[in-house]
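Down below is the structure, laid out as structure tokens.
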Amino acid sequence: MIKRAAIKPAQIVALGFMAAIAVGTVLLSLPISRAEGGFGRGLEAFFTATSAVTVTGLSTVNVETFWTPFGHLVILGLIKIGGFGIITFATLLGVLVSSRIGLRSRVTAGAESASVSGGDVRKLLKQVLLVSAAIELFVTAMLAIRFMTFYNYSLGDALWHGLFHSVASFNNAGFSLYGANLMNFATDPFIQLPIDLAVILGGLGFPVLFELGRRLSKRVEKNRVGGVIESKLHWTLTSRIVLWAYVILAVAGTLYIAALEWNNPATLGQFDVAGKILNAFTASVQPRTAGFNTLDLSQMQPETWLGMDVLMFIGAGSGGTGGGIKVATAAILIFIVLTEIRGDTAVNVGKRRLPRSIQREALTIVLLSALAVASSVVVLSLLTEFTTDQLLFEVVSAFATVGLTTGITGQLPDIAQLVIIAVMFTGRIGTVAVASALASRVRHAHFEYPKERPTIG
């Protein structure tokens, strides 16, 4: 009798996202969702639903004018579901309703959140819901107050615009209710900075946010669970890597963009010094991986695009709402390189030794991600007439679920849009998770071959 293989958590996660995309596509295909009425083509709905569920933000249509308020509400719901994780969301509903959770559900939610052990999932999900709601409501209030007092929005409009952009920013989705995205607020720090703050907090990852919360409330206790060491004197390695990486990348990105675009009259050159710094900072934060823009990206220098490609590819922290290969993965890769240069025998980070399994995982993620991006660029170059730097920017933005574009998304032919849809889905689920979901079984070797060192370099 042949035993049927059990469905893996990664496969359940992928199926969950597919189901959410399918439902979103149907809802956005309804006449009530479209400003012009009628059913129209299904590709716009499919593309937008995928972009929303994968919290990307790319769109082939003008979000402001193409969709009705009902369509905007559907997009907001898909963003929330995608950011929270469709499987984690379903697990949380089960916890709240029955206060019980099975082992398979714990493992599945753990595969989506990638942050804690199975036994802590129920507590984690409740904390995630509370923290995300608190941050989104806080940013909503800040934006709504600004919209009412400075832009003369009615209370209802101010709350709706504040809520939409708060949820989109915390979940690192670059959807905006304005056709020009945030370009109309390029001189307004009271709109930009709250959105930047939400993007950063959503991208740090919930493990880091929870540790920050424990330390601010002075509830840190010495513990060691699953190799994670935390005490009053020692931050966990994850938090140290993510926080330092965020500071370094934010500063380096701001300086890089400011240096290249400072005198560009179509971007930073039109502002005073304070405006240039503000918009350079926002342009550095958004690729990590939110997708809002206050500058016309199509008018940027190609060298600036390349720097933003790097920021988008690195992405946000693990266990958060952002995409990319994750800052910890990039940091581990750098530490591996430094270890080889120094000739050390082990990869050490902050007086901690990295397990070899983590090193292999980081290398696998980077190589698979680079392969996915490179192959997608090649395919699109055969299907379109756009330049390689434009296509690279578009593909990296889609893969890292960012949502920034040089303006070519709506001009892509249908077949190229389907390629971008596949890239967004792959980037959200993760190349390793996709590979795991597609694998039919795990091979267990009962022997080892003798070692031999090939010549490299």
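Bear in mind that the values in this text are calculations on the coordinates, not laboratory data. Remember, it's a predicted structure, so these values are computed and weren't measured experimentally. Every residue, glycine as well, gets a Cβ built from its backbone with ideal geometry; the counts of neighbours run over all protein chains shown.
Out of residues 5 or more away from Asn264 or on other chains, whose amide H comes under 5 Å of its own, with H placed 1.01 Å from N in the peptide plane?
Residues meeting the amide H criterion: Gly269.
Hey, can you grab everything whose amide H is under 5 Å from the amide H of Arg34? Only 5+ residues off in sequence or another chain; H modelled, so Pro and N-termini drop out.
Answer set, sorted by chain and number: Thr68.
Which ³J(HN,Hα) values, rounded to whole Hz and listed in residue order, are derived for the range 406-422 from phi using the Karplus coefficients 6.51, -1.76 and 1.60 in 6.51 cos²θ - 1.76 cosθ + 1.60 with θ = phi - 60°, glycine and proline given as x?
Per residue, the Karplus-derived 3J(HN,Hα) values read 8, x, 9, 4, x, 9, 5, x, 4, 5, 5, 5, 5, 5, 5, 4, 5 Hz.
Pull out a ≥ b ≥ c, the square roots of the eigenvalues of the alpha-carbon gyration tensor of the range 286-418, then state rounded if a/c is under 1.5, prolate if not and a/b is larger than b/c, and oblate in the remaining case.
prolate
For the range 30-66, which GluC sites (Glu not before Pro) are both in a DSSP coil and crowded by at most 15 other Cβ atoms within 10 Å?
Those satisfying the criteria are Glu36.
Distance cut-off 25 Å, Cα to Cα: go down the list Lys326/Lys351; Lys80/Lys326; Lys80/Lys276; Lys126/Lys351; Lys80/Lys126 and report the pairs above it.
Result: Lys80/Lys276; Lys126/Lys351 exceed 25 Å.
If you plug each phi of the range 188-204 into the Karplus form 6.51 cos²θ - 1.76 cosθ + 1.60 with θ = phi - 60°, what whole-Hz ³J(HN,Hα) values come out, in order, with x for Gly and Pro?
Here the 3J(HN,Hα) series is 10, x, 6, 9, 5, 5, x, 5, 4, 4, 5, 4, 5, 5, x, x, 4 Hz.
Arrange the following residues from fewest to most other Cβ atoms within 10 Å of their Cβ: Phe175, Phe281.
Phe281, Phe175
Under 16 Å Cα to Cα from Lys123, which aspartates and glutamates show up? Leave out anything in the same chain fewer than 8 places away.
Within reach: Glu112, Glu211.
Determine ³J(HN,Hα), in whole Hz, for all residues of the range 365-382 in sequence, where each value follows from phi through the Karplus function 6.51 cos²θ - 1.76 cosθ + 1.60 and θ = phi - 60°; x replaces Gly and Pro.
In residue order, the calculated couplings are 4, 5, 5, 5, 5, 4, 5, 5, 5, 4, 5, 5, 4, 4, 4, 5, 5, 7 Hz.
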